[in-house]
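Below is one structure, written out as structure tokens; the observations come after it.
The values are calculated or read from the model by the stated rules, or taken from the named source; none is laboratory data. Everything quoted here is computed from the prediction, not taken from an experiment. Cβ atoms come from the backbone with ideal geometry, glycine included; neighbour counts cover every protein chain shown.
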Amino acid sequence: MIIKGKIKKGEYFDSITLMRVGKEISALPGVIDAAVVMGTKENKSILKTSNLLVTEFDNSSDTDLLVAVSADSAESLENVFKKVDECLLTTRKKVEGTDEFNPRSLESALKVLPEANLVIISIAGKYAGLLAEQALERDLNVMLFSDNVSLETEISLKKHAEKKGLLVMGPDCGTAIINGVPIAFANAVNRGNIGIIAAAGTGLQELTSIISNEGAGISQAIGTGGRDVKKEVGGIMFIAGLRALADDPSTKVIVLVSKPPHISVIKKIAAELKKVKKEVIAVFLGADESELRNYGISFAVTLEEAALKAVALSKNLELSTVDARIHEEELSIQQLANEITKKLKPNQKYLRGLFSGGTFCAEAQIILQDSVRDIYSNAPTAKSKKLENSLVSINNTMIDLGEDEFTVGRPHPMIDFSLRNKKIIEEANNPEVAVILLDVVLGYGANQNPINELAPVLKDAASKVIVVCSVTGTDLDPQNRAVVVNALKDAGAIVMQSNAAACKLVGQIIKCN
Amino acid sequence: MQIFSFGDNIKCGEYAIHSSFDHVINFISPSQRDMAFLVDEAIGSGPLNIVVTHASLQKILTLKVTPKFIITNLVKVPKISSLIYNSSLEFSDVNTKKIENNILIFRKILLELAHPLSLAFLFDRSRLKNFKPGFEKAFADSIIEGCTTLNKDIVAGINKIKGRGFGLTPSGDDFIAGFFIGLNFLNKIHVNKKINKINDLKLAKVLSSENILSNTFIRLAEKGAVNERTKFFLNSLVTGSKDEVFETTKKMLEMGGSSGADLATGIFAALIETR
């Protein structure tokens, strides 16, 4: 073994660079060990322990950079120090060559882009409200991706925005499409004449995707954040968005989507709709239908139905065509369920829904509330009961993996599949589970490699249980919906055209069994 | 060039460039005792930081600080009092239970997100698999030994940790700075009124190296002067939601190369060492 060392005076590099260089050198043929560290007394003692200390280092100081290498032969050492110099020089060039200015405040960002009229804010909720206020003061519209913004702050921001004729999308608004530009978690969709206002992020994604896949397109898709339609906020941005779309010449049909608004907000929406001369379809998941009828609101029961009706209206087709189509599809679903359930064993009886989108989890519970008994959920709605321990499924269970208990310290399940994959394997290995239901959401911001990460897991699960999924997205998305659908089918999953269709299928499977 | 903020510990005088990185230029006084850091907004405010905007840092070659101005080769800028960054720690609404819960979240995030070769292995020994046999393993072993001593004798333990590791500020020095910050934090929130260890330290024994950068950070930490990211992080431990703890911890871990992770590990060591 041969050991050689070199001192580099007056050269300073961060720890990651030095670790990286050390690893690169260590990987060279014939190199046994290497270290690139500052010449402190203590580091020299470690070098001594690891047989890397050379006498040349005796005269080094704390501020010198020491490069120490041990190799199996002199030949192996020959080019090592040259390689070290190259690696460090590359880093140095990168430092000196950079002229890029990355603004880190609203003020400096506006200096770079003075014509901007929309600010997207994604910082800790405690500070986001203040920044949003500053943006409104500068007559800028706001998209508040941040959550944990207080209700009081939200109301104050929205009232301020309303006075100024500006939009505040959020808090906790993760999706929008403005003038054809997808923002945050959004899909690549056709441009067209259907406008959407949504207090439900994945609801917006499902609608825009289905509309685009049906050959129609989106004018604007405005997110408002989930609390906007609650009593306290009073639907301020929902109404503002509705007015904006009513005045927008490129919008012919308007779709409203949220969980059930408070009755006071429904009344406001109904009053506003009287002034709107365009076709409007509302999908307020789980709302009392008779109440909506009383207020003269045209509604759909599922996101899919709302999307199909909006498409029909945009193409001047009768809505009855949509009803007929949905009826046909339900018959096909029933037939498919009869076939599939033959594969199940007698003790396989339960449904486990594992969702990355909260709206899909809610829609599933609403659709299945009368056909599947004893549904438990960590985010219960309709007739579902509260699941006390989110990690332990009971009977028929629907989990929203985007809820807080799953997302502290880890990316959202639309980005990071690892936690859901673990759950899929766990549920598939349970002999009482008959079917696993899941949503796969594509688009910007979502996991860019869903096939690689999901298909192997689904292949294994599908050998034990029935796996039913929907894929939200379009062929224009970075992941390409058609490619993803084919891959999941090849893996043994049953892929339905929408979350609603997937839910109806699993409802029939559980019923048949 | 505009000044966004300047730290409350910057001494007046002329400075020359010590070292230069993507987002920071380190300046040093002729006496070699004082430093000032010219940084961009990516780094943020700190006790010795001058945060500049709308300027290319690499073009700044000289620095002079007077009572009323900050002068670089590019421009002379007045020191407006509203731009002074307050580096001291003050907390209100101290709820011990909340802090303990937030420390658990901090630990989880630290161990998930810290750089593989940072000192976080002290609290998750499975991370030792990232250390190659040879220098890296010997380094890790020496740190473990230092921490074991730390529990019994702080000064002796610090002397076994300092100066060790990678980077311009060795990992061990960043850990010590974090440890001091942690002790100051505990003093401020009065979790354990007996935590006066920081006042007992003979700092001169610790700062015997020639590494001016490390010495500077350790001195600041010892007196409880912290940068903005660390301040946000400590504030979130006291009053923040779990999301806020996550975000501020993440930001702190992004500091420097592995410095942020080593600093965070030092803070955590102080928090649990003195419970």
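Is it fair to say B:Ser118 is surrounded by 15 or more Cβ atoms within 10 Å (Cβ to Cβ) and either touching a residue at least 12 places away in the same chain (Cβ under 8 Å) or under 30 Å from A:Val21 (Cα atoms) (or both)? Judged against the criteria, B:Ser118 is a match.
Taken as a whole, the structure places A:Val189 among residues that are of a type outside the set (Asp, Glu) and buried (at least 24 other Cβ atoms within 10 Å of the Cβ).
Within segment B:216-228, the set of residues being surrounded by fewer than 22 Cβ atoms within 10 Å (Cβ to Cβ) and on the phi < 0 side of the Ramachandran plot comprises B:Arg219, B:Glu222, B:Lys223, B:Glu228. Can you find, within segment A:33-89, the residue that is nearest to the other protein chains (Cβ to nearest Cβ) among those that are surrounded by fewer than 18 Cβ atoms within 10 Å (Cβ to Cβ), among the basic types (Lys, Arg) and farther than 16 Å from A:Val21 by Cα? For segment A:33-89, the residue satisfying everything is A:Lys41.
Residue check: is A:Lys459 touching a Gly at 6+ places or on another chain (Cβ under 6 Å), under 21 Å from A:Leu351 (Cα atoms) and of a type in the set (Lys, Arg)? Yes, satisfied. The residue of segment B:87-97 that is modelled with the lowest pLDDT, among those that are within 23 Å of B:Asn227 (Cα to Cα) and surrounded by fewer than 18 Cβ atoms within 10 Å (Cβ to Cβ), is B:Asp93. Answer with yes or no whether A:Lys385 is more than 30 Å from A:Ala186 (Cα to Cα) and of a type in the set (Lys, Arg). Yes, satisfied. With respect to the conditions (1) farther than 21 Å from B:Gly256 by Cβ; (2) within 11 Å of another protein chain (Cβ to nearest Cβ); (3) touching a Leu at 6+ places or on another chain (Cβ under 8 Å), B:Phe166 falls short on a single one, namely (1). When the criteria are applied in full, A:Leu256 fails the requirement of being under 25 Å from A:Ser498 (Cβ atoms) and either part of a helix (DSSP H, G or I) or free of Cβ contacts under 8 Å to residues at least 12 places away in the same chain (or both). For segment B:19-32, filtered to residues that are more than 21 Å from A:Ala109 (Cα to Cα) and assigned to a strand (DSSP E or B), the residue that is farthest from the other protein chains (Cβ to nearest Cβ) is B:Phe27.
Restricted to helices (runs of 4 or more DSSP H) entirely inside segment A:274-351, those with at least 2 residues that are closer than 24 Å to A:Asp439 by Cβ are A:303-314, A:320-340. Taking the condition surrounded by fewer than 19 Cβ atoms within 10 Å (Cβ to Cβ), more than 26 Å from A:Pro260 (Cα to Cα) and more than 23 Å from the chain's Cα centre (by Cα), does A:Glu133 pass? The answer is yes for A:Glu133. Taking the stated definitions as given, is B:Leu128 assigned to a helix (DSSP H, G or I), more than 26 Å from B:Ala221 (Cα to Cα) and in contact (Cβ under 8 Å) with a residue 12 or more places away in the chain? Yes: the conditions hold for B:Leu128. If I filter segment B:45-55 for residues that are hydrophobic (A, V, I, L, M, F, W, C) and more than 11 Å from chain A (Cβ to nearest Cβ), do I get at least one hit? Scanning segment B:45-55 turns up at least one residue that is hydrophobic (A, V, I, L, M, F, W, C) and more than 11 Å from chain A (Cβ to nearest Cβ).
Does A:Val408 satisfy being surrounded by 22 or more Cβ atoms within 10 Å (Cβ to Cβ) and either at pLDDT below 95 or within 30 Å of A:Val189 (Cα to Cα) (or both)?
Judged against the criteria, A:Val408 is not a match.
Hey, any hits in segment B:10-18 for a residue that's more than 9 Å from chain A (Cβ to nearest Cβ) and under 21 Å from A:Thr17 (Cβ atoms)? Break it down stepwise before answering.
Taking segment B:10-18 and keeping what is more than 9 Å from chain A (Cβ to nearest Cβ), we get B:10-17.
Applying the additional criterion that residues be under 21 Å from A:Thr17 (Cβ atoms) yields B:17.
Looking through segment B:10-18, at least one residue is more than 9 Å from chain A (Cβ to nearest Cβ) and under 21 Å from A:Thr17 (Cβ atoms).
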